[in-house]
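Working notes for the structure below.
The values are calculated or read from the model by the stated rules, or taken from the named source; none is laboratory data. Keep in mind that this is a model prediction, so the values were computed, not measured. As a convention, Cβ positions derive from the backbone with ideal geometry for all residues, glycine included, and neighbour counts pool all protein chains shown. Accessible surface is based on the protein model in full, side chains and every heavy atom, while ligands, DNA and RNA are left aside. Shrake-Rupley method; radii C 1.70, N 1.55, O 1.52, S 1.80 Å.
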Amino acid sequence: DDGYTHIASAQVSCGADEAFAYLASLERMAEWNLNMSEIEVVDDALAKGVVTQTGTTVWVQVQADATTRTIHFFVGGSRDQLVPRIMVRVLSGECLGTMAEQCVISMIAWRLETMGDERWCRLMAAHEYEILQIKTLLEMT
């Protein structure tokens, strides 16, 4: 953590394409997202939910690139104020010199200027938990 970004990563025993499809699905986000509850998918790439710590409404838009296995999560308090704050990248085992049945998933978060230290620490801790939750869920299938 450099005060501006945080990265949480895990090596997962599943193929990169499977991991990418799982993480790009808003329908599956409630299974691993600790910071959001009451998630309602509004359309293919847009969901609305509630921030678990504050009870405020949060919107999330997903832009997924299957070629690079990169997922951008645009987050904001309203659907017209979304900013690209979270990114997930899935690297295949072959890229990293391991087996094809493995991949590494990295979740990167950028800190808003308005985020206090306590909120930032909660977000980092949540992402450390979420990456382990994602690993567990993917390895169960």
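Just reorder Trp110, Trp59, Trp120 by solvent-accessible area, largest first, 1.4 Å probe, all chains present.
Greatest to least solvent exposure: Trp110, Trp59, Trp120.
Sequence gap at least 6, Cα distance under 8 Å: using those rules, report the relative contact order of the stretch 29-141 to the nearest whole percent.
16
What nm value, rounded to one decimal, do you get for the distance between Thr56 and Gln81 when each label is placed 7 Å out toward the C-beta?
For Thr56 paired with Gln81, the spin-label model returns 0.7 nm.
Can you give the FRET efficiency for Leu96 and Gln133, using 1/(1 + (r/R0)^6), R0 = 22 Å, r = Cβ-Cβ distance, to the nearest 0.05?
E between Leu96 and Gln133, to the nearest 0.05, is 0.50.
Please calculate how many Å² of accessible area the chain carries per residue, with a 1.4 Å probe and no DNA, RNA or ligand atoms counted.
Accessible area per residue, the chain: 54 Å².
How charged is the neighbourhood of Arg69? Take every other residue with its Cβ under 15 Å from the Cβ of Arg69, and add Lys/Arg as +1 and Asp/Glu as -1.
Net charge around Arg69: -3.
Just how large is the dipole of the stretch 26-80 about the Cα centre, in debye to the nearest 20, putting +1 at every Lys and Arg Cβ and -1 at every Asp and Glu Cβ?
In total the dipole reaches around 160 debye.
Based only on Cα atoms, what Rg/Rh ratio does the chain have, Rh being taken as Kirkwood's radius?
Values: Rg = 14.7 Å, Rh = 15.4 Å.
With Rg and the Kirkwood Rh in hand, the quotient comes to 0.96.
Taking the Cα centre of the chain as the origin and placing charges on Cβ (Lys, Arg +1; Asp, Glu -1), which of Ser92, Ser13, Gln63 is farthest toward the positive end of the dipole?
Gln63
When every alpha-carbon pair in the stretch 49-93 is counted, what percent end up more than 13 Å apart? Could you put the intermediate results ahead of the total?
On the way: 581 of 990 pairs.
I get 59 percent for the Cα pairs in the stretch 49-93 exceeding 13 Å.
Using a 1.4 angstrom probe on heavy atoms only, work out the carbon and sulfur share of the accessible area of the chain in %.
52
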